[in-house]
1. How many of the residues in the stretch 36-48 are open to solvent by 80 Å² or more (accessible area, probe 1.4 Å) and assigned to a loop (DSSP other than H, G, I, E, B)?
2. Name the single residue that is most open to solvent (accessible area, probe 1.4 Å) among those in the stretch 51-70 being under 13 Å from ILE21 (Cα atoms) and of a type in the set (Ser, Thr, Tyr).
3. May I ask you to verify whether GLN108 is open to solvent by 80 Å² or more (accessible area, probe 1.4 Å), assigned to a helix (DSSP H, G or I), under 25 Å from GLU138 (Cβ atoms) and touching a residue at least 60 places away in the same chain (Cβ under 8 Å)?
4. Looking at ARG96 and the list (1) part of a helix (DSSP H, G or I); (2) open to solvent by less than 70 Å² (accessible area, probe 1.4 Å); (3) at pLDDT 85 or above, which single condition is not satisfied?
5. Can you tell me which residues in the stretch 48-84 are within 12 Å of LEU36 (Cα to Cα) and without any contact (Cβ under 8 Å) to a residue 40 or more places away in the chain?
6. Condition check: polar (S, T, N, Q), within 30 Å of TYR134 (Cα to Cα), in contact (Cβ under 8 Å) with a residue 40 or more places away in the chain and open to solvent by 40 Å² or more (accessible area, probe 1.4 Å). Does GLN11 satisfy that?
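The values are calculated or read from the model by the stated rules, or taken from the named source; none is laboratory data. Just so you know, these numbers come straight off a predicted model, no measurement behind them. So basically every Cβ, Gly included, is an ideal-geometry build from the backbone, and we count neighbours across all protein chains shown. Heavy atoms of the whole protein, side chains included, go into the accessibility calculation; ligands, DNA and RNA do not. Shrake-Rupley method; radii C 1.70, N 1.55, O 1.52, S 1.80 Å.
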Amino acid sequence: MGRPGILKRPQIDVGPLKILIDSLHDLHLEVGRPSLSKISAKSGRKTDGGYLSTSTISYVMSEPRLPDSHTMQRLVAVLVEFAPTGTMELDKTIMRFIGLWQAAAKAQGNPPPSPRVQDLLERGNAYLRLASQYQRAERMAGRVFSQSTIANEWAYVAKLSAPLLGDGHPVTVEARERAGADSG
């Protein structure tokens, strides 16, 4: 467990989601880095509709996934309450974060291919199927699927890549590693 008020920044590739999460961390810092328990307490009682648990706050701030819009807006509103009076406009801040969230949501629906997928796509038609499978496995790993399903997808990528690229190629090696790591 970390120090109060210090929240782990998730590893996120450059893009709108990173901008959103970094902006949440910047807001948290700007209002004095309140602890998760202080943020939760300020959000209301557990029976209130807008209550944010410490685990919910931690998830939004520390996981490399797009939070739901309502939870993100509620967290921003609570963080603004920690700002010194008159230094931050709630409506303006919420609107800024809604824009960031919308950009991240739009990008998540159509994320750019990873550098590895781009490299495979550039190699020609023989590699299109492999690139497509690799990208599918990457996307599945970022969503809620069983670990065995993800491991099977990576094993299939390894099976496709070995004859095309060779057993020692980074794509084949990585796919095998990810298949083994996700199955355990």
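1. 3
2. Among those that are under 13 Å from ILE21 (Cα atoms) and of a type in the set (Ser, Thr, Tyr), it is TYR59.
3. yes
4. Of (1) part of a helix (DSSP H, G or I); (2) open to solvent by less than 70 Å² (accessible area, probe 1.4 Å); (3) at pLDDT 85 or above, only one is false for ARG96: (2).
5. If the condition is that a residue be within 12 Å of LEU36 (Cα to Cα) and without any contact (Cβ under 8 Å) to a residue 40 or more places away in the chain, then LEU52, SER53, THR54, SER55, THR56, ILE57, TYR59, VAL60, VAL78 are the ones that fit.
6. The answer is yes for GLN11.
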